[in-house]
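What follows is a set of notes on a single structure, which appears directly below.
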Amino acid sequence: MTRIDRYLFRQLALALIAVTVGLAALVWLTQSLRFIELVLDRGLSLVVFVELTSLMLPSFFAVILPITTFVVVLFVYVRLAGDRELVVMRAAGLSQWRLARPAVLLATLATAACMLLNLWLVPVSHTAFRQWQFEIRNQLVGVLLQEGVFSQVGNDLTVYARYRDPDGTLRGILVHDQRDAGAPVTILAEQGRISVAASGPRVTLLNGVRQQVERAPANAAPGTPPLRLNILSFTENSLDLARASRGEESRSRDSRERSVAELLNPDPEEGLRDREVRRYFAEAHQRLSGPLTALSFALVGLAVALTGEFRRHGGGLRIAVGISLVVGLLALGLTAGNLAARDNAWVPLIWLQTVLPGVIAAWWLAGAPGWPRPAPPPVPAAP
């Protein structure tokens, strides 16, 4: 790299790091507010909160890095043009591609980073994030139970304790269990204590009443009420809090947890519906093609910033044109992804909207070879 290349690359790289980290931190802050309840209302430690929400950062970087690459390339080169630095560099004999070389190198590095994120780090971090969420909801319920609050464990189990002693003993307990379909159970107990077993947390209830509503069997005698209430008094009873259903609960894996190979060739034993298979196939191609948008968007920014007529005052028009182009490309990308998820025949459109803008921008940056141009006016003959 020449000294001019290093000068341009340093400005681009520092700006890209600052903008990407700042925007990722802003997105992380807004998204992490959804989990602040775990700290304020349920007693989860701040360290666990930060570690949990930090697992979302790789997916943020994978989404915003192509956009910030374009923004940095466009604004840095427009500023260089406004400061007349590009004029001096062109006067020194540098071609368009020599001026664009540092930006292309930076965009290539951004593309490699996005590829690493999409193919490895995002699935790994998202899997850890969802697993941690699952454990907090089902395995750490004993920690999250608060006195005077109706705590939901899954969708079918509600636990209430009037207050908690300093030693952890719960008093004035109400448990409403709907995990058996058609036979809800309500348990009232004087006190209880939560313990953690191999299968998850369990609460041991003392001195209580168990009430269960049951349906009458099909062969019941005529006149038997369709519903009956069974009441059982107990001295000690144990209840499992680790599962949201009586059957074995298995955490389903969403598409972002799967590798590209799993998305392209899902396991037939999972029994996925055709709609899900089509959506997985489209997402695999989006994950493979997505990193190329960093290079493609950077070329669009270069084509807008380095071509066209020189304007003495400002480059606002170029910035507006470049932003409008990329916003349109992002909208086209969302449309292509939705169409491909419904019908895999649209998958080539994903690659087309990813690669074609960069190819056109590179062609335009090279001077649009082959584009018909009006013939120059004839030179008048000398008298």
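The values are calculated or read from the model by the stated rules, or taken from the named source; none is laboratory data. Worth saying up front: this structure is predicted, and the values here are computed from it rather than measured. Every residue, glycine as well, gets a Cβ built from its backbone with ideal geometry; the counts of neighbours run over all protein chains shown. Remember, those area values only see protein heavy atoms, side chains included, never the ligands or the DNA or RNA. Shrake-Rupley method; radii C 1.70, N 1.55, O 1.52, S 1.80 Å.
A few remarks follow.
- Residues that are open to solvent by 80 Å² or more (accessible area, probe 1.4 Å) and in contact with a helix residue (DSSP H, G or I) (Cβ under 8 Å, 6 or more places away or on another chain), drawn from the range 251-274: Arg253, Arg256
- Reported count of residues in the range 1-39, each being surrounded by 13 or more Cβ atoms within 10 Å (Cβ to Cβ), within 19 Å of the chain's Cα centre (by Cα) and at pLDDT below 80, is 1.
- Matching option when the condition is within 30 Å of Glu51 (Cα to Cα) and open to solvent by 20 Å² or more (accessible area, probe 1.4 Å), among Thr68, Thr127: Thr127
- For the range 148-184, taking the residues that are open to solvent by less than 60 Å² (accessible area, probe 1.4 Å) and small (Gly, Ala, Ser), the one that is nearest to the chain's Cα centre (by Cα) is identified as Gly154.
- Only a single item in (1) part of a helix (DSSP H, G or I); (2) exposed (fewer than 13 other Cβ atoms within 10 Å of the Cβ); (3) at pLDDT below 90 is not met by Val327, and it is number (3).
- Long-range neighbours under 8 Å by Cβ, at least six apart or interchain, first residue closer than 19 Å to Phe150 by Cβ within the range 165-180, second acidic (Asp, Glu) and surrounded by 15 or more Cβ atoms within 10 Å (Cβ to Cβ): Asp177/Asp156; Gln178/Asp156; Arg179/Asp156
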